[in-house]
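Heads up, the thing below is written out as structure tokens.
The values are calculated or read from the model by the stated rules, or taken from the named source; none is laboratory data. Since the model is a prediction, treat every value here as computed from it, not as a measurement. Cβ: placed from backbone, ideal geometry, glycine included. Neighbour counts: every protein chain shown. The area values use the complete protein model at the heavy-atom level, side chains included, leaving out ligands, DNA and RNA. Shrake-Rupley method; radii C 1.70, N 1.55, O 1.52, S 1.80 Å.
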Amino acid sequence: MPIVLIGPALAVLLVVFAIPIILLFLTSLKAPAFSLTNYRSFFSQPANVRVLYQTLEISGVATAICLLVGYPTAYLIVAASKRLGMALILVVVIPYLTSLLARTYAWIVILGDNGLINNLLLELGLISSPLQLIYNRLALYIGMVHIMLPMMILALVSVMMGIDKSLMAAARSMGARPFTAFWRVFFPLSMPGVRSGCLLVFVICLGFYITPAALGGLGDAMLSTFIASQVHTFFDMGRVAASAFILLAVAIVVLSTFGLDLSGTQGRAVQPARKSWANRLPVFGGFKRHLDEIFTLRRAKRWTMHLYQAAGKSDWSKMVGIIFLVLVIFYLLVPELLVVVMSFSAGQFLQFPPPGLSLQWYRAFFSDPSWYGAAWTSIQIGIVTTILSTILGTLAAYGLNRSVPQLRSTLTMVILTPITFPVIVVAIATYLGLLKLGLLGSMTGIVLAHTIGAVGYVVVIVSATLANFDPALERAAMSMRANPLRTFIRVTLPLIRPGIIGGAVFAFLASFDEVVVTSLVAGFSIRTLPLKMWENIRNQIDPTIAAVSSLLILIPVLCLILLYVAGWRSAPGLQRAGPAAAA
């Protein structure tokens, strides 16, 4: 019974998240009396409505900027040669995997009153006093787009790479200009990527908490910040629950409207041709037909002239594309590189260029028990979370792969709920669940809180690996009298090992960088490294954070190397295992 394998993951999700969120919903309705008082109270205060509107506005604008920058970037990556395209994807993946706190801290260093830009302008004599570049809406958009842009690009690239390039060539051979071929052929086929990217970015932006609090001004508060302040100041569970479910309702409406068909078949459905406004009017319709006849002859003549001629290569368009791509890479990587350089500064304050090179801030990190103790706590929690979520997620992915499609789709959405809902909603539900279990402020509680999200990453990655797995190999092994357990260990497990390792790496990164959920469930007794960083960012700009951020930037690079080595070592094994198992 493959469905049994999904049980352990569902049991953890049910106890830690699902039941508490139902209780939270009932609390928002004042059960058992059932009243909408909390919701009416929320909407009766203009400040609350303004924060809700502001959350939608900021999320929408950040999503639009990500799309405007991400679409041409993804197009240029796909159009590049295979080796260059892989290198560019790697450049996008590294900031995507880097700690959110490290990236936010980088922009504080750059945009602050004593930051890089203000110091540079003062040195050049262009300004007499620091500009207000931080704690405003512009700084908020810069930080949010920097964090979400890699996700938009990766979603678009994954769809664009599957588009048959010969379709564009066929359109060009029929006389279409380059832009017409792109607009009429390539762009409609890339719409599933646009929809998926916008959906992911918008829903995740709805739950943003750290970046608005660190870079935005007092008038730029988002609903997650508002909910978190309610939790920390006056813990009225009913009002907090109502605010959380209003935010959740917005996310569900967006997901249900645009995320019903993630396969993208909606965008590829044949749409009936629409008549323009000119065709609907007899006078304008006749005039338009006359113009069409004239221009059709002209287009036919031009097409005949250009037929069998090599496509012209526009140097200026290539130059514009290269400059655009360089600017995007500069925007994605340079903030983190600046922090790494400044972490070796010999000065007493963060400045660029550094007056000299020194390891003083790294020595400060490794000599301060509050810093390395927090790092060790995060490592322990990350390792235990990784082991638990990898086991649960791999079993769940295997069970989902063997279940019927309808049940698989429903259960997959249930397991992915903690990473698709706004993080502040997940944090409050988890807080309530651990409070009922008596695990608040314990390592076990934090591990369970991290596991419900990490399992989702493992399920997604291992399921993708299982999608390419040939079940005939298992049947061949069982025909040789191997029992199901032996077949799984000797045939299935080696073949899906790269996916399991990839899922484990993502689970560790998700746990190691988690701060919103941890800030609610850790209590005052446990301090992880992200919590320690967040406290220091809010209270002081200690240069030691630059050294910590540099170490956090190094982690995804090491993880990518691990994934590369795992994939490289697995490739010959896969080639050997396939024929051997089939035999």
Quiz item: Between the stretch 318-364 and the stretch 193-247, how many Å separate their Cα centres?
Solution: 30 Å
Quiz item: Where does the longest stretch of the chain lie that holds no trypsin sites (Lys or Arg not before Pro) found in a DSSP loop with 13 or fewer other Cβ atoms within 10 Å?
Solution: 1-273
Quiz item: Residue-wise, which Karplus ³J(HN,Hα) couplings in Hz belong to the stretch 212-220, taking 6.51 cos²θ - 1.76 cosθ + 1.60, θ = phi - 60°, and x for glycine or proline?
Solution: x, 6, 8, 10, x, x, 5, x, 10
Quiz item: Placing +1 at every Lys and Arg Cβ and -1 at every Asp and Glu Cβ, with all other atoms neutral, what dipole size does the chain have around its Cα centre, in debye to the nearest 20?
Solution: 2240 debye
Quiz item: Once fully extended, how much extra length lies between Y53 and T233, figured as 0.36 nm per residue of separation less the alpha-carbon to alpha-carbon distance?
Solution: 62.5 nm
Quiz item: Quick one, which of [x] 1.09; [y] 0.97; [z] 1.23 is the actual Cα Rg over 2.2 N^0.38 Å calculated for this model?
Solution: [x]
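What range in the chain is the longest one free of chymotrypsin sites (Phe, Trp or Tyr not before Pro) that are in a loop by DSSP and have at most 12 other Cβ atoms within 10 angstrom? Mind dumping the intermediate values first?
Values: sites that count: F34, F234, F235, Y308, F349, F524.
Here the longest segment lacking exposed loop sites spans 35-233.
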Exercise. Name the residues whose placed amide hydrogens come within less than 5 Å of the amide hydrogen of S345, ignoring near sequence neighbours (fewer than 5 apart) on the same chain.
Key: S358
Self-check item: Euclidean distance between Cα centres, the stretch 1-49 to the stretch 426-442, Å
Solution: 13 Å
Quiz item: Mind checking the dipole of the stretch 85-199: about its Cα centre, +1 per Lys or Arg Cβ, -1 per Asp or Glu Cβ, Debye to the nearest 20?
Solution: 540 debye
Exercise. For the chain, report the accessible area per residue in Å² (1.4 Å probe, heavy atoms, rounded to an integer).
Key: 51 Å²
Self-check item: Rel. contact order, % - alpha carbon contacts under 8 angstrom, at least six apart, the chain
Solution: 21 percent
Quiz prompt | Positive dipole terminus of the chain, leading residue within T233, L68, I163 (C-beta point charges) | solution = I163
Self-check item: Residues listed by number, the stretch 74-104, amide nitrogen under 16 Å from V557 label point at 7 Å toward C-beta
Solution: 90-99, 102-103
Quiz item: Given labels modelled 7 Å from the Cα in the Cβ direction, how far is it in nm from F324 to D368?
Solution: 4.4 nm
Quiz prompt | Which of Q406, A547, A454, positive extreme of dipole for the chain (C-beta unit charges) | solution = Q406
Practice problem: Kindly state, to the nearest 0.05, the FRET efficiency for Q380 paired with S358, given R0 = 22 Å and r defined as their beta-carbon distance. | Solution: 0.15
Exercise. Give the calculated FRET efficiency between Y564 and F187 to the nearest 0.05, with a Förster radius of 35 Å applied to their Cβ-Cβ distance.
Key: 0.55
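Please state the relative contact order of the stretch 110-230 as a whole percent: Cα pairs under 8 Å, 6+ residues apart?
On the way: 105 pairs, mean separation 35.5, N = 121.
Relative contact order for the stretch 110-230 comes out at 29 percent.
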Quiz item: Quick one: with all protein chains in place, what share of the accessible area of the chain is carbon or sulfur, to the nearest percent (1.4 Å probe)?
Solution: 70 percent
Practice problem: State the number of lysine pairs found in the chain whose Cα atoms come within less than 19 Å, restricting to pairs 8 or more positions apart or on distinct chains. | Solution: 6
Exercise. List the DSSP H helices in the chain whose Cα atoms stretch 27 Å or more along the helix axis and whose mean Kyte-Doolittle hydropathy is at least 1.0.
Key: 46-79, 137-160, 237-258, 315-342, 443-467, 493-513, 544-582
Quiz prompt | Pairwise centroid distance, computed over Cα atoms, of the stretch 132-171 with the stretch 53-87, Å | solution = 1 Å
